[in-house]
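*Asks:* Take this structure first; my questions come after.
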Amino acid sequence: MGPSIKQKVYNILIRELDLPDEAVTDDADLVKDLGMDSIDTLNIQTALQMELEISLSEKEVIDISTVSQLVDVVYDKKSSH
């Protein structure tokens, strides 16, 4: 069995934001703790859509504050397919 949805989201954040593994935690704030900006938001949205085969609007990503919220949204999207 491959990586979980949570691990895939973590891996995308680590890669797209060029972060050490330990920086990405459930409670981490995407902007305040991980430094995500508008360009990062677009890159992460695209990576999530392509790698996890989900449809995710920019607004949905912008409305998310923490890593755990992002994981939940992605999980919900994957479950609805």
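The values are calculated or read from the model by the stated rules, or taken from the named source; none is laboratory data. Predicted, not measured: the structure shown is a model, and the values here were computed from it. Methodologically, a virtual Cβ is constructed for each residue, glycine included, from the backbone with ideal geometry; neighbour enumeration extends over all protein chains shown. Ligands, DNA and RNA are excluded from the accessible area calculation, which covers all protein heavy atoms including side chains. Shrake-Rupley method; radii C 1.70, N 1.55, O 1.52, S 1.80 Å.
*Asks:* Hey, what's the stretch 8-70 come to in accessible area per residue, 1.4 Å probe, Å²?
*Replies:* Roughly 56 Å² per residue, with all protein chains present.
*Asks:* Taking the Cα centre of the chain as the origin, how large is its charge dipole in debye, to the nearest 20, when only Lys and Arg (+1) and Asp and Glu (-1) carry charge on their Cβ atoms?
*Replies:* 300
*Asks:* Would you list the P(r) distribution for the chain, with all Cα-Cα distances sorted into 10 Å bins from 0 and each bin expressed as a whole %?
*Replies:* Spelled out bin by bin, the chain gives 19, 61, 20, 1 percent.
*Asks:* Which of Asp40, Asp29, Asp21 moves most in a GNM of the chain, Cα contacts under 10 Å?
*Replies:* Sorting by GNM fluctuation, first place goes to Asp21.
*Asks:* Follow-up question, since we're still on this one. Give the carbon-plus-sulfur fraction of the accessible surface of the chain in %, rounded to a whole number; probe 1.4 Å, heavy atoms of protein chains only.
*Replies:* 50
*Asks:* Now a separate question. Can you tell which of Gln7, Met50, Gly35 lies farthest toward the positive end of the dipole of the stretch 1-63, using +1 and -1 charges on the Cβ of basic and acidic side chains (Lys, Arg; Asp, Glu)?
*Replies:* Met50
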